[in-house]
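Right, one structure below, let's go through it.
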Ligand code: SAH
């Protein structure tokens, strides 16, 4: 951190306009600076060539522009790219760029580590160190946008908040990042191309609906039997499935957007017929679709991937029940970039 100087990216466009008008420099310059910062991704005041030298020097005296960078990235044999993202204070998170079917999806992180404690997730082992700022989330997007053009010759098409962290536990910064990503004054991406995934924080699902969310919502369900879910996901101890379901119906009533139910099938755990039946019963009680995610090994003997036959049994039963089902095969496994494997392996070592 640069001592005495203020992080200019913590200021809204209105605050920037106030800053300039209070100095008699014209409020419009605030909007210009905002555009340099968020639309053009400027890293220095020097680059802001539409401002006079005197104004640039003045800004440089009062502010600094902390930015995330990519000290290294790994390329998977399937095209997936995993980025180590170094934050201005040296902490590391990860983002993953996934090319598939003409689209490029970016999976972003919103916290360093995670406090949710899901037994099957590598990020949970890091605990939570701190929340990311909106700018740090946004930087992951800008950096990935450049990579997408470089490697796949197309801009990013989708963003999923499925990296490290629980978006609802860093709500204001995640919402500000989404505002920037979707704002015409910054990236201008449609909110329909953004998915926020939550562990199942019912109170915050209602809050997002009340706040007029226009993005998609995904919920990590993984088990539709209350007592069983509570053994692998601590959130279920405070938010029972009925309460989760009510919040999802509330979400739908406000947004008219179907919820995605994320579900991993584990051998010997949720691979029985009663588990499928419970999932079907749950999915029937809220407008939703099911996303079956392949388990990615994190080296815990309690969890192992269910067989192909069990996955087939799930798909057949769900489809017979009229529930839209998508199977998401893992990407980037060879570089530990798949769901639940993000843990900043190399860097945040104790
Ligand atoms: N905190 C958010 C986003 C986390 S990760 C949430 O809980 O939804 C995105 C998805 O990956 C979640 O559905 C999560 O449950 C799943 N996941 C976690 N660990 C996994 C693993 N080892 N294999 C496959 N999916 C995993």
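Just so it is clear, none of the values below were taken in a lab; they were calculated from the coordinates. Just so it is clear, the model here is predicted, and its values are computed rather than measured. Cβ atoms come from the backbone with ideal geometry, glycine included; neighbour counts cover every protein chain shown.
Data table
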| item | result |
| --- | --- |
| Over 16 Å [Cα-Cα, segment 48-111], rounded percent | 62 |
| Per-bin percent of Cα-Cα distances, the chain [20 Å] | 29, 55, 15, 1 |
| For segment 177-233, convex hull of alpha carbons as volume per residue, Å³ | 88 |
| Fewest-first ranking of 29, 214, 333, using other Cβ atoms within 10 Å as the exposure measure | 214, 333, 29 |
| Tilt relative to the chain, helix 308-320 - C-alpha long axis, 0 to 90 degrees, to 10 | 90 |
| Crossing angle, helix 53-62 versus the chain [Cα axis fit, 0-90 degrees, rounded to tens] | 60 |
| Net length gained if the chain between residue 321 and residue 103 were fully extended (0.36 nm per residue, minus Cα distance) | 75.5 nm |
| The chain, helix-only ellipticity at 222 nm - DSSP H runs n ≥ 4, -39,500 (n - 2.57), divided by all residues, nearest 500 | -10500 deg cm²/dmol |
| Rg/Rg_ref, segment 155-257, where Rg_ref = 2.2 N^0.38 Å and atoms are Cα | 1.11 |
| The chain: angle of helix 28-38 to the longest principal axis, Cα-based, in degrees nearest 10 | 40 |
| Binned Cα-Cα distance frequencies in segment 196-350 - 5 Å width, integer % | 2, 9, 18, 21, 20, 16, 10, 4, 1, 0 |
| Gain in span if fully extended, residue 39 to residue 334, counting 0.36 nm per residue against the direct Cα distance | 102.8 nm |
| With eigenvalues of the C-alpha gyration tensor scaled by 5 and rooted, segment 246-319, Å | 26, 14, 10 |
| Mean-position separation - Cα centroids, segment 1-31 and segment 158-227, in angstrom | 29 |
| Spread of Cα-to-Cα distances over 10 Å intervals beginning at zero, given as percent, for segment 13-162 | 10, 33, 29, 20, 7, 1 |
| Pairs of alpha carbons in segment 116-204 whose separation is greater than 18 Å (percent) | 48 |
| 96, 196 arranged by Cβ crowding within 10 Å, fewest neighbours leading | 196, 96 |
| Sorted by Cβ density within 10 Å, fewest first, the residues 62, 243, 166 | 62, 243, 166 |
| Packing-based ranking, highest mean first, of 128-140, 317-329 given that Cβ atoms within 10 Å are counted | 128-140, 317-329 |
| Alpha-carbon Rg/Rh ratio, for segment 6-64, with Rh computed the Kirkwood way | 0.90 |
| Contact order relative to length of segment 159-242, as percent, for alpha carbon pairs under 8 angstrom and 6 or more apart | 26 |
| Rg and Dmax of segment 75-152, Cα atoms only, in Å | 13.4, 37 |
| Gain upon complete extension [residue 190, residue 21; 0.36 nm per residue less C-alpha separation] | 57.6 nm |
